[in-house]
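Rule-based calculations on the coordinates, nothing more; no lab input. This is a predicted model, so every value here is computed, not measured. Here the Cβ positions follow ideal geometry from the backbone for every residue, glycine too, while neighbour counts run over all protein chains shown.
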Amino acid sequence: EATEGQENRYGDEESEIPNGPDTSSFRAFLMSFMSASSSSNDSMEIIPEQDLDMEYPTLTPVGRGIKERKGLLSRGKHSIGKIINKAGRLGGFRQKSGHIIDNEIANQIESMSSGFALKVSKGSASNHKLPPMSEPSMLLSEMMRNVLYPSLPVLVQGKNWMLVYSTWRHGVSLSTLYRRSMLCSGDSLLIIGDKKGAVFGGLVEAPLRPIMQRKYQGNKNCFVFTNVAGRPVVYRQTGANNYFTFCSPEYLAMGGGGHFALYLGEDLLNGSSSTSETFNNPCLALSQDFEVKHVELWGFVNASKYDEMLTVCRTEKPGIWNL
């Protein structure tokens, strides 16, 4: 009986097809069906039958008894819904049309995603509200400060920037850099500018204490950065080792594991840079060996102690301040 019922059902469906639109070709089918739909006297929108295997979006009803107010758009939905439903039942159009609809949806999603990504990239380039600096920097532009600021530890981001050492103000001497780093303890930003125009450096932990034995200092907040790619890029520690900062009476270095990420000689006139395992960085300068133009060391001070620290730095009284 089940077999007989199925044969009757298939026979009924096949008997309906000759009375419907011309299906000799898809174009003829569309033309004949559009003609039939335009002469229809139905008084309501028809929801297409939902076949669970169909891959088409289902159209929703727009109401009853409003034939006199149906516009071109609603008639279009009506016609398209019936066309898709009929075509799906016939079976010859479903797979091809499904690919077309899927491609259109994918293209729309891709277009929307591209626009959103563009908006995000524009928003991410907005300026941060940067704390004041004790004086202008010879090396840092506002754009570079904006890039470096989010990479600073959260505890120092709201603090004022204090110029602790600079070659143009305090002389060209590594020992002077070490001594003045004692004025402001905590995370400090070391910045180097070479004679080819590159600006690079890293975050160190002050005070920088020169020691004879090979012992590194610093913490996991340390990073190195460079602008040789045309924009500032920050390289954080990888966890491969703890070779953050090494202070020798003869040189200052950052990074390790085969090569220093940054090396400054005792006279602060020459240096070098190479790939390090600590930060997985490229050469920070435009060439592996470089000539130094300027060096600056910036500390971070609470606003409540800013005036006091400014006086201390300008009178160069050594000591360690916990700020």
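Which residues' amide hydrogens lie under 5 Å from the amide hydrogen of S276, considering only partners 5 or more residues apart or on another chain, with H built in the peptide plane?
Long-range HN contacts for S276: N281.
If each residue of separation counts as 0.36 nm, what is the full-extension length gain between R314 and S287 once their alpha-carbon separation is subtracted? Please report the intermediate quantities before stating the final value.
Working: separation 27, 0.36 × 27 = 9.72 nm, distance 3.50 nm.
Once the chain is fully extended between R314 and S287, it gains 6.2 nm.
Ordered by packing density, taken as the mean number of other Cβ atoms within 10 Å over each peptide's residues, highest first, how do 128-135, 267-274, 202-209 rank? Could you put the intermediate results ahead of the total?
Details: 128-135: 12.9, 267-274: 18.9, 202-209: 22.4.
Most protected by this proxy first, the peptides run 202-209, 267-274, 128-135.
Fewest to most neighbouring Cβ within 10 Å: what's the order for V228, V154?
On the way: V228 20, V154 8.
By the 10 Å Cβ count, ascending: V154, V228.
Under 1.5 on a/c is rounded, so check that first for the range 142-315, then, if it is not, pick prolate when a/b is larger than b/c and oblate when it is not; a ≥ b ≥ c are the square roots of the alpha carbon gyration tensor eigenvalues. Mind showing how you got there, number by number?
On the way: a/c = 1.35, a/b = 1.26, b/c = 1.08.
Note, shape of the range 142-315 comes out rounded.
List the equivalent ellipsoid semi-axes of the range 127-193 in whole Å, largest first, each obtained as the square root of 5λ for an eigenvalue λ of the Cα gyration tensor. If you can, show how the numbers build up before the last one.
Working: eigenvalues 94, 40, 19 Å².
Here the semi-axes work out to 22, 14, 10 Å.
Cross-chain or 8 or more residues apart, Cα under 24 Å: how many lysine pairs in the range 142-315 fit that? Count them up, please.
Lysine pairs meeting the criterion: 4.
Could you line up I192, I211 from fewest to most neighbouring Cβ atoms inside 10 Å?
Lowest to highest Cβ neighbour count: I211, I192.
In whole Hz and in residue order, list the ³J(HN,Hα) couplings for the range 141-158 that follow from phi through the Karplus curve 6.51 cos²θ - 1.76 cosθ + 1.60, θ = phi - 60°; x for Gly and Pro.
Each residue's phi maps through the Karplus curve to give 8, 5, 4, 5, 4, 4, 6, 6, 4, x, 7, 6, x, 4, 5, 10, 5, x Hz.
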